[in-house]
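The values are calculated or read from the model by the stated rules, or taken from the named source; none is laboratory data. The model shown is predicted, which means the values in this text are computed figures rather than measured ones. As a convention, Cβ positions derive from the backbone with ideal geometry for all residues, glycine included, and neighbour counts pool all protein chains shown.
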Amino acid sequence: MNTQKLYYIDSYTTDFQANIIEITPFEDKFALILDKTYFYPESGGQGADKGTINGEEVVYVTEKQDKTLHIVNSKLETGPACCSIDWDTRFDHMQQHSGQHILSACFYKLYNGETSSFHIGKDSSTIEIDVENFDNAMIEQIEKLANNIVFKNAPVTSDIVDKAGLAQLPLRKQPKVDSNIRIVNIQDCDCSPCGGTHVKNTGEIGIIKIKRLEKQKHSYKFEFVCGRRALIDYTYKNYTINKLGAQLSAPEHELENAFTRFTEDYKGLQKQISELRNEVVSYEVQHLMQHAVEINGVKLITKTFENREFNDIKLIAQSIAATPSHIALLASKGQSCQLIFARSEDQTANMNELLRSVLPMLNGKGGGSPKAAQGGGSGDIDAALAAAVSNLKL
């Protein structure tokens, strides 16, 4: 016995009585088969309904061999069932799916773009349209036409037709089945085969908003929201715009210019900071080189820095190593312990081997080349640096 699929004829019923006629294992759960159902199974880009059967949560609904499977965690008994569909989820899917039909019709009417895929996601939905080029100005035209259809509150109807009846309809696309062909018609807008749940009038969709577009190989993918999702999206963006406006001391219509100025000022400050940091490093390098210890004609510089940006220490080591007959063994301690060893081109001491000789003292990791190496770990960084000086062969 196949399940009678009442969601095809009525998207608004949420509470109904049915009979559980079969129960089968489904992975680690159970699948209930009813004699009739209003639960919509995941199909055609639309997610499954949520709800309860005899108080047990329906976690998923799918269709196998023309049977609608209601997946629950616990095994129930066959017999009478009190069924309830979660209206918020159902109505959300109705808004998104009906909105998609309108968008698809508008893409086709204005730009001859056919819809190749559709998916209702958790927070937004997507459609892929077979067009080669698209821009924001074209999106505005699509949205204007789509929302005008919403505002007309046009009726949305569905009917099962046969092949002969199809020839009389202005179909946007052809059906993929040969029997029980369900056609959803939005007055003066769209006529398409579809098995999903839809609103009765376009006004229930609320509003249609395209959030972004993404170029594919030979098409564009459009992310959009309808109805309650559009309200949630607008609420968040309005909050964000107001907060940014307060931080940038600018009204919302001036935010883009204010942010551009802020970014330019920030880049300028970063450049000044970088220049000042280089000056400080240059001064430190001169100071360290003046106090270098000379051993067999090689000037050795050692120092432990505390709570210092390691990039600065690396820059100091590189600057020292750029001068002939110099070796820099530098350390940093703070939240972590790090070492960097560097030598000038005219020296032969292997910095990588030297670093590896002391890393075990820090339970650390690191490496590099004979000319420069760095690593870090945890432990007594001063002792590790002193050991490195002892191990250095000049």
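Taking the stretch 295-309 as the region of interest, how many residues are polar (S, T, N, Q) and under 16 Å from residue 346 (Cα atoms)? Residues in the stretch 295-309 being polar (S, T, N, Q) and under 16 Å from residue 346 (Cα atoms): 1 in total.
In the stretch 291-362, counting only strands (runs of 3 or more DSSP E) that sit wholly within it, the ones holding 1 or more residues that are surrounded by fewer than 16 Cβ atoms within 10 Å (Cβ to Cβ) span 293-295, 298-306. Candidates 149, 129: the one that is modelled with pLDDT of 95 or more, more than 26 Å from the chain's Cα centre (by Cα), farther than 30 Å from residue 34 by Cα and not assigned by TED's automatic domain parsing to the domain that holds residue 12 is 149.
Scanning the stretch 176-191 for residues that are more than 19 Å from residue 148 (Cβ to Cβ), within 33 Å of the chain's Cα centre (by Cα) and in a loop (DSSP other than H, G, I, E, B) yields one hit, 176. In this structure, residue 172 does not satisfy being within 23 Å of residue 41 (Cα to Cα) and in contact with a strand residue (DSSP E or B) (Cβ under 6 Å, 6 or more places away or on another chain).
Of the residues that make up the stretch 233-255, is at least one surrounded by 15 or more Cβ atoms within 10 Å (Cβ to Cβ), under 23 Å from residue 140 (Cβ atoms) and in contact with a strand residue (DSSP E or B) (Cβ under 9 Å, 6 or more places away or on another chain)? Yes: one or more hits. Scanning for something in contact with a His (Cβ under 9 Å, 6 or more places away or on another chain), in a loop (DSSP other than H, G, I, E, B) and not assigned by TED's automatic domain parsing to the domain that holds residue 50, does the stretch 111-122 turn up at least one residue? Taking every residue of the stretch 111-122 in turn, none turns out to be in contact with a His (Cβ under 9 Å, 6 or more places away or on another chain), in a loop (DSSP other than H, G, I, E, B) and not assigned by TED's automatic domain parsing to the domain that holds residue 50. Of the residues screened, residue 205 is one that is on the phi < 0 side of the Ramachandran plot, within 29 Å of the chain's Cα centre (by Cα), of a type in the set (A, V, I, L, M) and buried (at least 17 other Cβ atoms within 10 Å of the Cβ). Looking across the stretch 300-335, the residues that are within 20 Å of residue 352 (Cβ to Cβ) and among the β-branched types (Val, Ile, Thr) come down to 301, 302, 313, 316, 320, 327.
With the condition kept exactly as written, say whether any residue in the stretch 73-88 is in contact with a Lys or Arg (Cβ under 7 Å, 6 or more places away or on another chain) and surrounded by 21 or more Cβ atoms within 10 Å (Cβ to Cβ). Looking through the stretch 73-88, none of the residues is in contact with a Lys or Arg (Cβ under 7 Å, 6 or more places away or on another chain) and surrounded by 21 or more Cβ atoms within 10 Å (Cβ to Cβ). The set of residues from the stretch 319-342 being under 38 Å from the mean Cα position of the chain (by Cα) and of a type in the set (Ser, Thr, Tyr) comprises 332, 336. Listed conditions (1) farther than 20 Å from residue 124 by Cα; (2) surrounded by 13 or more Cβ atoms within 10 Å (Cβ to Cβ); (3) small (Gly, Ala, Ser) are all met by residue 230, apart from (1). The C-beta contact set for the stretch 132-148 (first residue over 15 Å from residue 226 (Cβ atoms), second residue part of a helix (DSSP H, G or I) and hydroxyl-bearing (Ser, Thr, Tyr), distance under 8 angstrom, 6+ apart or interchain) comprises 134/111; 138/111.
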